[in-house]
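K.L.:
The following block contains the structure, expressed as structure tokens.
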Amino acid sequence: MIIDAHVHVYPPEIISGAEGIAQRESYFSSLVSAKAHRWAGAEDVLSAMDSDGVDESWIFGFGFKDLGLCRVCNDYALDAAARSGGRLKPLAVVPPLARGAAAEIARCAHRGAIGVGEIFPDGQDFDITDTDETWRFAAACHENGMFVLLHTAEPVGREYPGKGRAGPREAYAFARNHPELRIVMAHWGGGLFMYESLPDARLALRNVRYDTAAAPFVYDSKIFSLCGAPWVRDKILYGSDFPLLRYPRYKEMMDASGLAPEAADRIGSANALRFLDGRE
């Protein structure tokens, strides 16, 4: 079984209105104007899943500053998931500091959303190290049984539009400040997963997982050879960053890394299933 934990979808009205939206949403503008950007809707996801042998995808819209635009994305993801026969699982996007964000999280949880994200700290003007800013958002997610998918910047040496400045140090602070919250740090946590070998850090990060999104753009296959280590083997979730990338690119990397089949199975689905079940 293969579960893709990081899949972007765009409602038709966001795609058709992208030029106007970009004038109000600078982070959105920087990403959709990038050379690598691609649009995809729910049907594109399902078609790629059929082609690539992916069984389940966790889908979400764009994390805008505007709560109204986020609601458009959420309704699209929720409706698509409801029609998918369980193949798509939706996440909710919200601007964490907006009035009404907690109510939107609760609404989406009631309709079957499993998490909140992808949250863009820079793009949504959200300081994830400041508990004065984060506690209401974290509480709303926790109270509704939702995990958080948080965009984290990759290490130095790889610059691209939308990378942001929330790296391992900031991501660690967010996890330490909210130990009750289940978190998926996108993009390997910007390297934060490496610190799981430190006992003190591992304690603070006990409810944190990491997805593999964008790995082929940043790392070589050796990154997967680290995933069999005891302190991290249960914590890596396969995420493609679709429509930018698809499963075959990751399978090629994992095969080249020499990763044991059992470890590949954990990354492919077992870790995601355990995380959703709330098991350590």
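Just so you know, all these numbers are worked out from the coordinates, no wet-lab data involved. Nothing here was measured: the structure is a model prediction, and the numbers come from that model. Note that we place each Cβ from the backbone using ideal geometry, even for glycine, and neighbour counts take in every protein chain shown.
K.L.:
When you go through 34, 22 one by one, which is the residue that is closer than 20 Å to residue 217 by Cβ, over 19 Å from the mean Cα position of the chain (by Cα) and of a type in the set (A, V, I, L, M, F, W, C)? Can you show your working first?
P.N.:
Values: 22 fails: closer than 20 Å to residue 217 by Cβ.
Result: 34 is the single residue among 34, 22 that is closer than 20 Å to residue 217 by Cβ, over 19 Å from the mean Cα position of the chain (by Cα) and of a type in the set (A, V, I, L, M, F, W, C).
K.L.:
For residue 153, are the conditions met, namely being of a type in the set (Gly, Ala, Ser) and part of a loop (DSSP other than H, G, I, E, B)?
P.N.:
Numbers: of a type in the set (Gly, Ala, Ser): yes; part of a loop (DSSP other than H, G, I, E, B): yes.
Judged against the criteria, residue 153 is a match.
K.L.:
Taking helices (runs of 4 or more DSSP H) that do not extend beyond segment 211-279, which have at least 3 residues that are under 23 Å from residue 114 (Cβ atoms)? Walk me through how you get there before you give the answer.
P.N.:
Numbers: elements: 215-218, 222-225, 247-257, 261-265, 271-277.
By residue number, 271-277.
K.L.:
Do you know which residues across segment 191-210 are of a type outside the set (Lys, Arg), outside any helix (DSSP H, G or I), within 18 Å of the chain's Cα centre (by Cα) and surrounded by fewer than 23 Cβ atoms within 10 Å (Cβ to Cβ)? Before the answer, list the steps.
P.N.:
The initial filter retains those residues of segment 191-210 that are of a type outside the set (Lys, Arg), namely 191-201, 203-205, 207-208, 210.
Then drop every residue that is not outside any helix (DSSP H, G or I), which leaves 198, 205, 207-208, 210.
Now drop any that are not within 18 Å of the chain's Cα centre (by Cα), which leaves 205, 207-208, 210.
Within segment 191-210, 207 is the sole residue that qualifies.
K.L.:
Scanning segment 122-150 for residues that are farther than 19 Å from residue 60 by Cα and charged (D, E, K, R), which turns out surrounded by the fewest Cβ atoms within 10 Å (Cβ to Cβ)?
P.N.:
So the residue we want is 132.
K.L.:
I'd like the residue in segment 116-126 that is touching a residue at least 40 places away in the same chain (Cβ under 8 Å) and assigned to a loop (DSSP other than H, G, I, E, B) and, out of all such residues, is nearest to residue 7 (Cα to Cα). Working first, answer last.
P.N.:
Taking segment 116-126 as the starting set, the residues that turn out to be touching a residue at least 40 places away in the same chain (Cβ under 8 Å) are 117-125.
Filter once more, so that each one left must be assigned to a loop (DSSP other than H, G, I, E, B): 120-125.
Working: 120: 15, 121: 18, 122: 20, 123: 18, 124: 19, 125: 23 Å.
My answer is 120.
K.L.:
If only one of 94, 72 is buried (at least 24 other Cβ atoms within 10 Å of the Cβ) and within 20 Å of residue 149 (Cα to Cα), which one is it? Working first, answer last.
P.N.:
Working: 72 fails: buried (at least 24 other Cβ atoms within 10 Å of the Cβ).
Unique residue meeting the criteria: 94.
K.L.:
Return the only residue of 216, 230 being surrounded by fewer than 23 Cβ atoms within 10 Å (Cβ to Cβ), farther than 16 Å from residue 167 by Cβ and over 18 Å from the mean Cα position of the chain (by Cα). Give the steps one after another, and end with the answer.
P.N.:
On the way: 216 fails: over 18 Å from the mean Cα position of the chain (by Cα).
Testing whether each residue is surrounded by fewer than 23 Cβ atoms within 10 Å (Cβ to Cβ), farther than 16 Å from residue 167 by Cβ and over 18 Å from the mean Cα position of the chain (by Cα) leaves just 230.
K.L.:
Show the residue pairs that are 6+ apart or on different chains and have beta-carbon atoms under 8 Å apart, the first residue being within segment 246-259 and more than 12 Å from residue 213 (Cβ to Cβ), the second being among the β-branched types (Val, Ile, Thr) and assigned to a helix (DSSP H, G or I).
P.N.:
Close Cβ pairs (under 8 Å, with a partner that is among the β-branched types (Val, Ile, Thr) and assigned to a helix (DSSP H, G or I)) amount to 253/223; 254/267; 257/223; 259/267.
K.L.:
Looking only at segment 164-177, which residues are assigned to a loop (DSSP other than H, G, I, E, B), surrounded by fewer than 24 Cβ atoms within 10 Å (Cβ to Cβ) and either in contact with a Ser or Thr (Cβ under 7 Å, 6 or more places away or on another chain) or of a type in the set (A, V, I, L, M, F, W, C) (or both)?
P.N.:
Scanning segment 164-177 gives a single hit, 167.
K.L.:
Follow-up. In segment 34-63, how many residues are under 20 Å from residue 212 (Cβ atoms) and among the aromatic types (Phe, Trp, Tyr)?
P.N.:
Of the residues in segment 34-63, 2 are under 20 Å from residue 212 (Cβ atoms) and among the aromatic types (Phe, Trp, Tyr).
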